[in-house]
Amino acid sequence: MTRTGHDTRKTLDQLRAKHAWDVVQRAKQKEGYHQGQDPKKFGGQAKRLPTRILAAGLGQALAFLKAKDYAPGLLAELTNWVDLRISPKVGEPQDLLERIVKGDSDFLRRATDEVLAYMVWLNRFAEAEGMTEGEGE
């Protein structure tokens, strides 16, 4: 606790929210990983990602994103978030997709759970910032 009696520790949900908010702001301003990318494409792909994960699994959903190159910033930001939550072991690949392919089932389960929980915040903020594509787009 601080001298004022307030607890300065953040909950995991608050950490997810802060990171997701920062990501949405970078995507909206086309900064960092998002340079030259359409913010609505980012928002649209973020909106579809949880359904793709539940239907095909995290690895296949991320491979689809990578193959289509719709929102490379989204893949980079998810890699960053998972690395913060589940630190790569020495000698382990840095790329999230490669970690999934070469990792064990425990890593895949933990990463899937974390990405799905994180995407709730990311999608709410993207929607609030007007970054989701309209229906039929």
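In region 7-15, the condition of being out of contact with any helix residue (DSSP H, G or I) (no Cβ under 6 Å at 6 or more places or on another chain) and among the hydroxyl-bearing types (Ser, Thr, Tyr) is met by at least one residue.
In region 107-137, the residue that is surrounded by the most Cβ atoms within 10 Å (Cβ to Cβ) out of those that are among the charged types (D, E, K, R) and at pLDDT 95 or above is 114. Each residue in region 81-92 was checked for being under 18 Å from the mean Cα position of the chain (by Cα) and not polar (S, T, N, Q), and 7 pass.
The sole residue among 57, 32 that is closer than 25 Å to residue 111 by Cα, under 16 Å from the mean Cα position of the chain (by Cα), surrounded by fewer than 18 Cβ atoms within 10 Å (Cβ to Cβ) and at pLDDT 95 or above is 57.
Anything in region 17-74 that is of a type in the set (S, T, N, Q) and touching a Leu at 6+ places or on another chain (Cβ under 7 Å)? List them, or say none. Even if it seems obvious, please write down each step before you answer.
To start, the set of residues in region 17-74 that are of a type in the set (S, T, N, Q) comprises 25, 29, 35, 37, 45, 51, 60.
Residue satisfying the conditions is 45 alone.
The values are calculated or read from the model by the stated rules, or taken from the named source; none is laboratory data. What you are looking at is a predicted structure, and each value in this text was computed from that prediction instead of being measured. Counting neighbours? That spans all protein chains shown, and the Cβs are built from the backbone with ideal geometry, glycine included.
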